[in-house]
Amino acid sequence: MAAETPTNNVITLPDLQSVNVSGISEILSSPFSLFQSSCSASMHRTLVGQLQDTISSLDLSVNIPGHPEIRILGYSIEANALSGKYALVLPDIQVSIEMTVGLTISIAIGVVLAAILYCFILPTRKRPILRTLLIGSIMCVVSIMPYVLFDVLGTQNTAVRFSLMAPFVLYLFRTIEAAFGFVPKSADASFSLYCVYFASPAEILFEKTSSRQEMIHSAICVIKCATVISLLCSMLSPSGYTPFGATEAGEFYEPITVKDYLNPRHLGNCFAIAFFFQSGLALGNSAMGNIVSLVTGFKVLETMKNPMLEATSPSDFWGKRWNVLVHVVLKRGVYKPSRKYSSALIASLAVFIASGLFHEWLVHAVFLYNRQSEGVILGSNTAFFVWNFVVIACERMLVATKGVQSLRKVLPRFMVTVLIIMSSLPFAHWFGGPYLKGNFFSDYETFVPMIRKI
């Protein structure tokens, strides 16, 4: 599948799969649309427009001469396949501003929700009926508000939509944790601290302050993450993010064929997408965490700890390395409330089902609401996370056996990591498929500098 060149054109399509928020969105978008119409004529005369025009006019290209056939690890690159003219494509400033405005609005909404929770939910458990109605109302607002925000901003860029969804996912589970009394220590010590905690797109560690040296280290991490994701986009974009070509592994509802799911080309494509997600989430979380730490003075939780290359068990992968921010909000918002009424195994199942469902929410809002995404279906993300619950359950049953213990002592650590990744990698297209078919990666390219052959 060839990669599509990102565009900034807004395509208006029939609203076939949208939720019913048109009334709310029209009310909110009317003044915004009026503002847009009054300002659109002068937009290109603004500093931002001039800067974008200047950047677009820069010639940052280089010519690579012809070369003979190259053979590496059994793979061959045809003669002159890499030769030609390459250009450094810089980020789209207008899209970045669109995301920044959306995130600012999202955080402002989070502050309002936090104020309501702090004043009416956290202090008392009296009047349970009224309390339940208020919590339910807040959760409904959180669920619908992203759709309203998309209509207000008129954004069609799936990477922007994904970024704007992230705060509302946190708000949803932070509302549940507040309802059950699992707000982290020190976060509710004062009104201002709770508002900062609830609306923050990072996990703030209130007991620890951030030093200047740590801030510098965090900034370096952001630069490293940005470099990695830029290189990944540059390398994977020409192949449409399927570097090993098309494969036959089917959807989650189709029969599983061992030959197709263990096909090396399929596994290679799945690893490329998974590593892209790891790198992209690491960049986003590092950048937002750095901003939160700079504004508040507190340290924030490191959320991505190289799980694809360093995990030592499935539990270590999901619980301590992969997107730890989501792990902690799911732990407080789903696992602990479920654990009060059930076993640890059932509570873990609830966590993975909740993770699958909120990812379905993401897929619907990002790819299906007011836009046409051919081949994007709901259900595959939930199937992926249910499968990973099965892996975790098997780990709990087998980890204490002598055979597993002996195997872990004999095998090198990197081989242990390979076996762990292989427990889920054949099914990773269930997760990444909607993003691939919805052109998420093409839209993401508008945010990062990348090298493109022209």
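Some values worked out for this structure:
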read-out	value
Structure-based [θ]222 nm, the chain - -39500 (n - 2.57) summed over DSSP H runs of at least 4, per residue, nearest 500	-19000 deg cm²/dmol
Accessible area (Å², per residue) of segment 338-454, counting only protein heavy atoms and a probe of 1.4 Å	46 Å²
The chain - charge dipole about Cα centre, Lys and Arg +1 at Cβ, Asp and Glu -1, debye rounded to 20	1840 debye
Whole-Å distance, taken between Cα centres, linking segment 316-359 and segment 133-153	23 Å
DSSP-assigned coil residues among GluC sites (Glu not before Pro) in segment 290-394, each with at most 10 further Cβ atoms within 10 Å	Glu374
Extension gain from Ala81 to Leu301, taking 0.36 nm per residue of separation minus the Cα-Cα distance	74.8 nm
Whole-angstrom gap from segment 240-260 to segment 163-201, using each part's C-alpha centre	39 Å
Förster-model FRET efficiency, 25 Å R0, Met415 and Val258, C-beta, rounded to 0.05	0.70
Cβ-based charge dipole, the chain, positive-most Cα from Ala344, Ile420, Thr155	Ala344
Cα gyration tensor shape of the chain, rounded if a/c is under 1.5, else prolate or oblate by comparing a/b with b/c	oblate
Under-26-angstrom lysine pairs by C-alpha in segment 158-299, whenever the two are 8 or more apart or on separate chains	5
Sites matching trypsin sites (Lys or Arg not before Pro) across segment 153-204 that sit in DSSP coil, with at most 14 neighbouring C-beta atoms within 10 Å	Lys185
Qualifying aspartates and glutamates (Cα of each under 17 Å from Cα of Lys453; at least 8 residues distant if same chain)	Glu4, Asp59, Glu78, Glu445
Shape call, segment 82-183: gyration tensor on alpha carbons, a/c limit 1.5	prolate
Gyration tensor (alpha-carbon) shape descriptor, segment 145-215, a/c threshold 1.5	oblate
Set of lysines with alpha-carbon distance to Lys409 below 25 Å, sequence-local pairs under 8 removed	Lys305, Lys320
Selection from Val111, Ala365, Ile72, by position along the positive dipole direction of the chain (Cβ)	Val111
Two-site FRET efficiency, Arg408 against Ala108, from Cβ-Cβ distance with R₀ of 56 Å, rounded to 0.05	0.70
The chain - percent relative contact order, Cα under 8 Å, separation 6 or more	24 percent
Neighbourhood charge, 12 Å Cβ-Cβ cut-off, centred on Leu170 and excluding it, Lys, Arg +1 and Asp, Glu -1	0
Residue order for Ile223, Ile77 - accessible surface, 1.4 angstrom probe, largest first	Ile223, Ile77
Candidates per trypsin sites (Lys or Arg not before Pro) in segment 81-152, loop by DSSP, up to 15 other Cβ within 10 Å	Arg125, Lys126
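The values are calculated or read from the model by the stated rules, or taken from the named source; none is laboratory data. Keep in mind the model is a prediction, meaning the values are calculated, not measured. Using ideal geometry, Cβ is built from the backbone for each residue, glycine included, and neighbour counts are taken over all protein chains shown. Protein only, heavy atoms only, side chains kept; ligands, DNA and RNA dropped before computing areas. Shrake-Rupley method; radii C 1.70, N 1.55, O 1.52, S 1.80 Å.
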